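The values are calculated or read from the model by the stated rules, or taken from the named source; none is laboratory data. Keep in mind that this is a model prediction, so the values were computed, not measured. Cβ atoms come from the backbone with ideal geometry, glycine included; neighbour counts cover every protein chain shown.
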């Protein structure tokens, strides 16, 4: 609808883009030109770990051990950014947000591995004070030594160009993600009104500024475009309990699965999670498009999935 | 000299104490209610509004007036201290105009807006915190009474306290009763003062006199009294606006007519009314916004949302949007397929509370497709279906 960029917008974007380049030229170029970290070399990106158990903190510890230990991802002195879903004023049992235990344990592990700073970010949909408090994430994270950052307050965004973007070519992304040495995506799997399901790739909408653009210009296409640019070092999908309807906010029917998926490739993780809802990966628009763009594979049958019960 | 410095320091300390007490309302909204109800002029005006709220809390000041006369005005009142700290050109001159002003404001309070409390010094001081919250100079108009008080002080020392302040007049009146002194006011002046109050009331109520101007977009805070009663009972202290979690409450100007000037309004364009916040219900010193528990507040209607399908990008452009359905805390937006099979939003007015979350996040531009109107405001909404 509003595809044109007004002069004011143009100037705004240009200035913020220029300042980003001036400030963050080194990490940005790394992200852009795909200087992958050694993590990718060690682990098959389509290898997934599916852990099951009712002690959520233990699931995280075991999960990292399966992936080669936290040290593979976090080096001493690293700046770590976690992106859980903390966007809604919903209690943990209502399955609106990532479970606080998962987030706090990840923070703790990162801190123990020598991370300099751990930022937990989200561009909340509800008021951030309210949603951070009610989701229980703020308190859990504070005790574990993390720093909660609300992208809804203050200016945290910088403009980026998305080289493989078909519709979304430029957008404002949180600086934290661009500057991070290690970026861990921690979504919760749940129903979603317009995108059918919200999974790893959909969670990236919580680090961009203008979400309305996605909805106006083609939701699934834009989600796939942003996923071609943002490649988390690790995806931890919270399937401890999943929301089956009235998503993404709820309250709706909640099903307890007690599962957590660890994986490097976001498309692969998403594909496995869709099966929990009784759907096929290709039923979800953005997973289908992401496969055609070559971000990852969706043939769940051929994945190497390591299951572990705790 | 030393004594003077010491007394100035003491005054600054006292002003700081007042500021801290009022500032606490940001964390504990009920402080706003207690701190302002200390003033007996709110007690008097409560009688004009048929509401006998926290009477006991203003008793200490009444007692102080009996024992020590104007001690509160000279030594304790924050507005008084501000005037003391600012230099002035003239010496104080005592008159008894303040009694007439008190009478005028009293009569205005009976027939229209609660002016007696609007010009109370503590309430005037409390408005500063609205500006602190918004950090906006435009809102200086909101503290106009305080600015006028300070300017008058430059002209003549404590001009406001001595000749104008309604609270001061009330204390003077108590002193007169104590001394069994008859108040020597001329009958005509008394009548004139009463008439002036009536005129003020009439000007304020132009909207009611010349037929109601319906503004269906004027949203009041959750649990506000019906409009007529609300504008009478609200003292424009700005506490609800200061404590509002999301910042959706802003002072209105002429949206509600003259009567509604500086009353709080909900602005979904800025933010939504948070589902788990009832700070304004706790803060309101006059109960113009009803005192409510969080659960009661969650079910009270502020208004009802309505979708313009020609502007909605799902209905008219087949976009996958449904942001309003995403953000709605009360499951009031239902999905319905349009002719092309795109899921589109539809409002269930029974569940909608009018919090404005949908309007706030609607991506349709330049005009939002979903808007909240003050339809059914104050009614209790149906409960959401349990477990979806």
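Here are a few things to note about the model shown:
- Residues in the range B:11-29 that are free of Cβ contacts under 8 Å to residues at least 24 places away in the same chain and not in a loop (DSSP other than H, G, I, E, B) were compared, and the one that is farthest from the chain's Cα centre (by Cα) is B:13.
- Condition met for residue A:153 (touching a strand residue (DSSP E or B) at 6+ places or on another chain (Cβ under 6 Å) and surrounded by fewer than 24 Cβ atoms within 10 Å (Cβ to Cβ)): no
- Candidate set from the range A:255-292 (those that are in contact with a helix residue (DSSP H, G or I) (Cβ under 7 Å, 6 or more places away or on another chain) and part of a strand (DSSP E or B)); member that is farthest from the other protein chains (Cβ to nearest Cβ): A:262
- Single condition residue A:17 does not satisfy, out of (1) more than 21 Å from the chain's Cα centre (by Cα); (2) at pLDDT 95 or above: (2)
- Within the range B:193-247, helices (runs of 4 or more DSSP H) holding 2 or more residues that are touching a strand residue (DSSP E or B) at 6+ places or on another chain (Cβ under 8 Å) and modelled with pLDDT of 85 or more: B:239-243
- Just so you know, in the range B:299-327 the residues that are more than 11 Å from every other protein chain (Cβ to nearest Cβ) and part of a helix (DSSP H, G or I) include one that is farthest from residue B:226 (Cα to Cα), and it is B:315.
- Only residues that are at the interface with chain B (Cβ under 10 Å from one of its Cβ atoms), in contact (Cβ under 8 Å) with a residue 24 or more places away in the chain and surrounded by fewer than 22 Cβ atoms within 10 Å (Cβ to Cβ) were counted in the range A:197-212, giving 2.
- Any hit, the range B:104-120, residues being more than 19 Å from the chain's Cα centre (by Cα) and assigned to a loop (DSSP other than H, G, I, E, B): no
- Only listed residue being at the interface with chain A (Cβ under 9 Å from one of its Cβ atoms), part of a loop (DSSP other than H, G, I, E, B) and over 24 Å from residue A:128 (Cα atoms), chosen from B:365, B:340: B:365
- Residue tally, condition buried (at least 20 other Cβ atoms within 10 Å of the Cβ) and in contact with a helix residue (DSSP H, G or I) (Cβ under 6 Å, 6 or more places away or on another chain), over the range B:297-312: 2
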